[in-house]
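**Student:** Mind having a look at this structure? Questions to follow.
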Amino acid sequence: MIKKGTSKAAAMKEETTAAQESLSAFTKQQFLESKLFTAQQKDLLNALLQDEETYTTDQVKQQIEQYLKKAVE
């Protein structure tokens, strides 16, 4: 989707960057150091993610959502 006032080339670059970010895999430590998540979300990620694994941004967001929707036992 092209935003109003944005050139077609800029819009395509923005979409490409977003697609690459969602496909790139990052370590737990990289997510904990990123500015993408709040301090509370980082606490949750610290508990949910494995040190030796890599995850895409979409996978991590999905894990947060699943955890927050989980029924309280």
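**Student:** Considering each of Asp43, Asp58, Asp51 in turn, give the residue that is under 10 Å from the mean Cα position of the chain (by Cα) and either modelled with pLDDT under 95 or open to solvent by 80 Å² or more (accessible area, probe 1.4 Å) (or both). It would help to see each step written out before you state the result.
**Tutor:** Working: Asp43 fails: under 10 Å from the mean Cα position of the chain (by Cα); Asp51 fails: under 10 Å from the mean Cα position of the chain (by Cα).
Exactly one residue qualifies, and that residue is Asp58.
**Student:** Counting just the residues of segment 31-40 that are surrounded by 11 or more Cβ atoms within 10 Å (Cβ to Cβ) and among the aliphatic types (A, V, I, L, M), which one comes out modelled with the lowest pLDDT?
**Tutor:** Out of the qualifying residues, it is Leu36.
A quick yes/no check of all residues on (1) surrounded by 11 or more Cβ atoms within 10 Å (Cβ to Cβ); (2) modelled with pLDDT of 95 or more; (3) of a type in the set (S, T, N, Q):
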site: Lys3; (1), (2), (3): no, no, no
site: Thr16; (1), (2), (3): no, no, yes
site: Gln20; (1), (2), (3): no, no, yes
site: Gln29; (1), (2), (3): yes, yes, yes
site: Ala71; (1), (2), (3): no, no, no
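The values are calculated or read from the model by the stated rules, or taken from the named source; none is laboratory data. Everything numeric here is computed off the predicted structure, so don't read it as measured data. Quick reminder, even Gly has a Cβ in these numbers, built from the backbone with ideal geometry, and neighbours come from all protein chains shown. For accessibility, only protein heavy atoms count, side chains too; no ligands or nucleic acids. Shrake-Rupley method; radii C 1.70, N 1.55, O 1.52, S 1.80 Å.
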